[in-house]
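So the structure is just underneath, and the comments pick up after that.
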Amino acid sequence: MAFAGLYNYWIVVVLMMIGFYVVIAQGNLVKKIFGLNIFQVSVFVLYITMSKVDGGTAPILDDRYQVYSNPLPHVLILTAIVVGVATMALGLALVVRIREAYGTIEEEEIEQQEGELP
Amino acid sequence: MISAHLPALQVVVPLLAAPVCLLLRNRHAAWLLAALVTWATFIIALGLLAQVADRGTISYAIGDWAPPWGIEYRVDLFGALVLVIVSGIGSLVMPFARINVEREIPAERIYLFYVMYLLCLTGLLGIAITGDAFNLFVFLEISSLSSYVLISLGHDRRALTAALRYLIMGTLGATFYVIGIGLLYMVTGTLNMADLAQRVPDLLHLRTVEAALAFLIVGISLKLALFPLHLWLPNAYAFAPTTVTIFLAATATKVSVYVIIRIIYTVYGGAPIFREGILNEALMGLGMLSMVAAGLVAIYQSNVKRLLAYSSVSQIGYMVLGLSFGSVIGLAAGIVHLFNHAIMKAALFMALGCATQQVRAVSFDDLAGLGRQMPVTMGALVVGALSLIGLPLTVGFVTKWYLIQAALQDGAWLAVIVILASGLFAVVYTWRIVEAAYFRPLPEDREEVREAPLGMLIPLVILAGACVVFGIGATWPMDLALAAAESLIGARP
């Protein structure tokens, strides 16, 4: 069935939209950063899904296996995961500094404080 | 011998210098190393440009893995020009940074500043040199992550929120880019740009390839600060340390323009996608909106740094407009504006930085009467402002001349009007700075202000001089841009 066959892609789209929505709609900066992370993770799933071959195994040189999944996207995503972790760490570090400077991590309250500045 | 490895050295030298800076832990030693490395990258970039002009496009296989399997570094005229712009601005910023950073960043964090600076430089150079679409994403993130840190070093607490906003928008943009590359990889099975360029133009009818283009363009437009995706830029530039503002304003958005041109003209083969979809109308419209809307907003700013930031958004519109014509002359105007805007905006922000060094210049009142007290700095500011307006004998005029020619060739009368109107906005907002500096009396309570230190003035004078020199005898950047545009468009069958 076409729908079930594309099951992973539906997960990707749903995750992506959840992440995107959280980034836009949440006023809490920590939640925003996590939304961003969910958004990135959905792309990881997209890459892993596209490399999957039905019945394929890991690319090991052995006579018993003929069908392999494409290993390249996995490697790419390994890199992207590192980037994602770095982004999240930096984002959260910035939120800590923002809390020290403003005493809040709610976007509205920060904007209110900034509005009073020249 | 070593000249064959210049493409790798271009990126590896600053990349390795960054952790060494971290280990040095001494701000003077870190500055010296960062400066030497930055100047070395500039020499390497000039060497690459000479090689490309001499022998044509260079292809360098990293680790001897032949492309398209291995990562390829590919330097053509356009790439070499961008490398020269980025490393050249980086080199000019270094002497300025030594004095400016001492004042704006706490002493114990200065060596960390140079670590981030070198990483940012690495990322920007890497984007311009790599021939691999995914590798480009990695460099994009190296430069982005380090620039978020650089921006957050500003002493105003709003620098933190500006950096976080940029982080969120920038990450969304980069992730969109990755989605686009993923979709292209799904269809073509390759990540090498030259390889993609051979396959993608035949597959344009596929929905996946169209969707990939949309993701790529939107993602890069976020990094590029194309209206209406520019919201992160004004605060990020306004509250970052001055050195960072100069460097990012002159290089980061330019490199993003480079990426968008690469995607459209190299990977997607340029003309065909312009003929079918609405891409060129969309880019043209957004480019013109950037020019007008950001120009109008700039007029009403009270913070001078933010005014110049909005002016940057408006100038990015010029570049996008230039590339949206799809003609050699339009693309060449866009490319030459990369160069022109880099030097004029660097000169403007640097002049403002020199003023900030001596007085707390953030509003127009702080600038009052400075024209008499700091004649060199304000003189350079005026030269930069005239370039921004596009007066003859400055670099800004060269861009406008070719841009209007391209618009007339295309019969786009609206574009001609918008180009002229946005020049008028530039007159209004730069006049406000000039008026404050030259025609307002000195405030009563202002003590004696001296000219900025020589280490800051020399790079400033070089930049302002370049605005005029290339404006009068602007042959080589324009020739180079024309040749680069021809090779980008003409290589298609």
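Quick note: the coordinates plus some simple rules give every number you see, no bench work behind them. Because the structure is predicted, anything quoted here is derived from the model rather than measured. Cβ: placed from backbone, ideal geometry, glycine included. Neighbour counts: every protein chain shown.
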> Can you pull the Rg over Rh of chain A, Cα-only, Kirkwood?
Replying inline: 1.18
> Please state the Cα pair-distance histogram of the range B:413-468 with 10 angstrom bins from zero: what percent is in each bin?
Replying inline: 17, 25, 37, 15, 6, 0
> Projected onto the charge dipole of the protein assembly as shown (+1 at Lys/Arg Cβ, -1 at Asp/Glu Cβ, origin at the Cα centre), which of B:A214, B:G330, B:G180 gives the Cα projection farthest towards the positive end?
Replying inline: B:G330
>> Please list, ordered by chain and number, the residues whose modelled amide H lies under 5 Å from the amide H of A:N28; skip anything fewer than 5 residues away on the same chain.
In response: A:E107
> Hey, fewest Cβ within 10 Å first, where do B:E108, B:E72 land in order?
Replying inline: B:E108, B:E72
> All other residues with a Cβ under 14 Å from the Cβ of B:D410 taken together, and with Lys, Arg as +1 and Asp, Glu as -1, what is their net charge?
Replying inline: 0
> Quick one: helix B:413-439 against the long Cα principal axis of chain B, what's the angle to the nearest 10°, folded into 0 to 90?
Replying inline: 20
> Out of the range B:300-399, which chymotrypsin sites (Phe, Trp or Tyr not before Pro) are coil in DSSP terms and have no more than 15 other C-beta atoms within 10 Å?
Replying inline: B:Y300
> Among B:I99, B:I472, which comes first, then next, by fewest other beta-carbon atoms within 10 Å?
Replying inline: B:I472, B:I99
> In whole Å, what is the distance between the alpha-carbon centres of the range B:315-391 and the range A:23-99?
Replying inline: 40
> How would you rank B:T41, A:T49, going from fewest to most other Cβ atoms within 10 Å of each one's own Cβ?
Replying inline: A:T49, B:T41
> Alpha carbon centre of the range B:173-238 versus the range B:33-73: separation in Å?
Replying inline: 24
>> For B:K223, give me every one of the lysines with a C-alpha distance below 30 angstrom, ignoring sequence neighbours fewer than eight places off in its own chain.
In response: A:K31, A:K32, B:K254, B:K305, B:K345, B:K400
>> Show me, bin by bin at 20 Å from 0, the whole-percent P(r) of the protein assembly as shown based on Cα pairs.
In response: 20, 56, 22, 2, 0
>> Regarding the range B:92-208, what's the average projected area of the Cα-atom convex hull, expressed in nm²?
In response: 8.7
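List the trypsin sites (Lys or Arg not before Pro) in the range B:398-450 that DSSP assigns to loop (not H, G, I, E or B) and whose Cβ has at most 12 other Cβ atoms within 10 Å. Which are they?
Answer by residue number: B:R450.
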> Can you give the relative contact order of chain B as a percent, counting alpha carbon pairs under 8 Å and 6+ residues apart?
Replying inline: 14
> To the nearest 10 degrees, how steep is helix B:328-358 against the longest Cα principal axis of chain B, on a 0 to 90 scale?
Replying inline: 30
>> How many angstrom lie between the Cα centre of the range B:125-164 and the Cα centre of the range B:417-440?
In response: 31
> Relative to the longest principal axis of chain A, what angle (0 to 90°, nearest 10) does the C-alpha long axis of helix A:72-102 take?
Replying inline: 10
> Taking every DSSP beta bridge that has both residues in the protein assembly as shown, what percent is antiparallel when rounded to the nearest 5?
Replying inline: 90
>> Once you keep just the Cα pairs under 8 angstrom separated by 6 or more residues, what percentage relative contact order results for the range B:366-493?
In response: 43
>> Can you give me the long-range amide H partners of B:D132? Hydrogens built in the peptide plane at 1.01 Å from N, cutoff under 5 Å, separation of 5 or more residues or another chain.
In response: B:E72, B:M193
>> With a cut-off of 8 Å between alpha carbons and a minimum separation of six or more residues, what is the relative contact order of the range B:278-493 in percent?
In response: 28
>> Helix-only mean residue ellipticity at 222 nm, chain A, DSSP H runs n ≥ 4 weighted -39,500 (n - 2.57), per residue, nearest 500. What is it?
In response: -25000 deg cm²/dmol
> Which trypsin sites (Lys or Arg not before Pro) does the range A:25-99 hold that lie in a coil by DSSP with at most 15 other beta carbons within 10 Å?
Replying inline: A:K52, A:R64
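Determine the calculated [θ] at 222 nm for chain B from helices alone, applying -39500 (n - 2.57) to every DSSP H run no shorter than 4 residues and normalising by the residue count; nearest 500 deg cm²/dmol.
-25500 deg cm²/dmol
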> Excluding B:G131 itself, what net charge comes from residues whose Cβ is under 11 Å from its Cβ, given Lys and Arg +1 and Asp and Glu -1?
Replying inline: -2
> Can you pull the Rg over Rh of chain B, Cα-only, Kirkwood?
Replying inline: 0.95
